[in-house]
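Structure first, then comments.
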Amino acid sequence: MKISVGEDELLSTGNVPLSERKTNVKDEWIKSFIHITDSILSKIEMALMIVASVLVVISLMSICYGVLARNFLDVNVSWTIELSEYTMLYLAFLAAPWILKNDDHIKVDVFTQHLSGKTEKWLNGIIYLVGSATCMILFWFSLQVTIDHYQRGIIITNVLEMPKYIPLLIIPIGFGLLFLRFIHNFVRLTLLRES
């Protein structure tokens, strides 16, 4: 005995047609992917912020030690100035991805506050694309310079003698993470539907 079932009934489960189920599965996959990548990036950014916090404390302590040693102990501690210079470089690139994630960077919103939601979304998408392209280019060139300095064994001959690639290493790391965060923000903005 054959049971005749309509095509619409075959293509649907409950009251949801197959085409909508496919869309829902795709939307769920996109949401899941965005959530997982955000979770991974957030953990990396938080770890870098912890390192940045430790560097702030180290820099602060070395500067205080330098001032006290110079004024009260008559000891030359010029390495403290150089150490603080390197920590400032590291702080900028360690903190930048976390700041971008939390949208805490400096913005000029004189124009954007007068835009409609859709126009502002388009503008943010363009900003994310330009930001990601810029960070990718800077990542690539800073990585090439860092590798070149490493391979040639270039040494900084200041008070703190060290291989030059060590202070340069944070630049491609920072720009690489900024690139990933810009791309993530663009994907989240363009692929997630408004709830």
>> Between Asp104, Asp74, which is among the acidic types (Asp, Glu), under 24 Å from Ile127 (Cα atoms) and outside any helix (DSSP H, G or I)?
In response: Asp104
> Of all residues in region 153-192, which are over 23 Å from Gly131 (Cβ atoms) and in contact (Cβ under 8 Å) with a residue 40 or more places away in the chain?
Replying inline: Asn158, Val159, Leu160, Pro167
> Could you list, in sequence order, the residues of region 115-138 that are in a helix (DSSP H, G or I) and without any contact (Cβ under 8 Å) to a residue 24 or more places away in the chain?
Replying inline: Gly117, Lys118, Thr119, Glu120, Trp122, Leu123, Ile126, Ile127, Val130, Ala133, Thr134, Ile137
> In the list Met136, Met162, which residue meets the criterion of being modelled with pLDDT of 85 or more and in contact with a strand residue (DSSP E or B) (Cβ under 9 Å, 6 or more places away or on another chain)?
Replying inline: Met162
> Taking interchain pairs and intrachain pairs at least six residues apart, which have beta carbon atoms under 6 angstrom, with the first residue in region 60-79 and closer than 20 Å to Glu161 by Cα and the second at pLDDT 85 or above and of a type outside the set (Asp, Glu)?
Replying inline: Ser62/Thr80; Ser62/Leu83; Ile63/Thr80; Ile63/Ser84; Gly66/Thr80; Val75/Ala69; Val77/Gly66; Val77/Ala69
>> surrounded by 14 or more Cβ atoms within 10 Å (Cβ to Cβ), of a type in the set (S, T, N, Q) and closer than 21 Å to Ile173 by Cα: is that true of Thr37 in this structure?
In response: yes
>> Against the condition among the polar types (S, T, N, Q), surrounded by 12 or more Cβ atoms within 10 Å (Cβ to Cβ) and over 18 Å from Gly176 (Cα atoms), how does Ser42 come out, does it pass?
In response: no
>> Step by step: first the residues of region 155-193, then only those that are surrounded by fewer than 18 Cβ atoms within 10 Å (Cβ to Cβ) and of a type in the set (Ser, Thr, Tyr), then the one that is farthest from Lys31 (Cα to Cα). Which residue is that?
In response: Thr157
>> If a residue must be of a type outside the set (Ser, Thr, Tyr) and touching a Lys or Arg at 6+ places or on another chain (Cβ under 7 Å), how many such residues does region 28-79 contain?
In response: 4
> In region 61-115, what count of residues is obtained for those that are basic (Lys, Arg) and surrounded by 13 or more Cβ atoms within 10 Å (Cβ to Cβ)?
Replying inline: 2
> Here are some residues: Phe175, Phe141. Which one is closer than 29 Å to His35 by Cα and either assigned to a helix (DSSP H, G or I) or hydrophobic (A, V, I, L, M, F, W, C) (or both)?
Replying inline: Phe175
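The values are calculated or read from the model by the stated rules, or taken from the named source; none is laboratory data. The structure presented is a predicted model; accordingly, all values stated were derived computationally and were not measured. Neighbour counts are summed over all protein chains in view; Cβ atoms, including those assigned to glycine, are modelled from backbone coordinates with ideal geometry.
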